[in-house]
1. Would you calculate a helix-derived [θ] at 222 nm for the chain, using -39,500 (n - 2.57) for each DSSP H run of n ≥ 4 and dividing by the full residue count, to the nearest 500?
2. Taking a cut-off of 23 Å between Cα atoms, list the lysines near residue 41, but don't count ones fewer than 8 places away on the same chain.
3. Treating the angle as unsigned and between 0 and 90°, give the value, to the nearest 10°, between the Cα long axis of helix 2-20 and the longest Cα principal axis of the chain.
4. What Kirkwood hydrodynamic radius do you get for the chain when you take the inverse of the mean 1/r over all pairs of distinct Cα atoms, in Å?
5. How much length is gained if the chain between residue 45 and residue 26 is pulled fully straight, taking 0.36 nm per residue apart and subtracting their Cα-Cα distance, in nm to one decimal?
6. Using only Cα atoms, find the angle between the long axis of helix 37-50 and the longest principal axis of the chain, and express it within 0 to 90 degrees, rounded to the nearest 10.
Amino acid sequence: MKNTLAHKKDRETAEKLIKKGKMSLEDIADCVPSLSLDELKGIEAELMQMA
């Protein structure tokens, strides 16, 4: 359960950073190493669809 909660928090952090648009996905991947670059691209795509 901890891993799921930690992953959820990391995803929320990544979403916030992507929304700010000040960091590249590669930089976000460095800051949130539990998320792969492919996963970050997916998150970015989801956020763009919602906009």
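Throughout, read-outs are computed from the coordinates displayed, never taken from laboratory work. Everything quoted here is computed from the prediction, not taken from an experiment.
1. On the way: 3 runs with 40 residues, N = 51.
Using -39500 (n - 2.57) per qualifying helix, the result is -25000 deg cm²/dmol.
2. 8, 9, 16, 19, 20, 22
3. 20
4. Working: mean 1/r = 0.0914 Å⁻¹.
For the chain, inverting the mean 1/r across all distinct Cα pairs yields 10.9 Å.
5. Values: separation 19, 0.36 × 19 = 6.84 nm, distance 1.51 nm.
Gain on stretching residue 45 to residue 26: 5.3 nm.
6. 60
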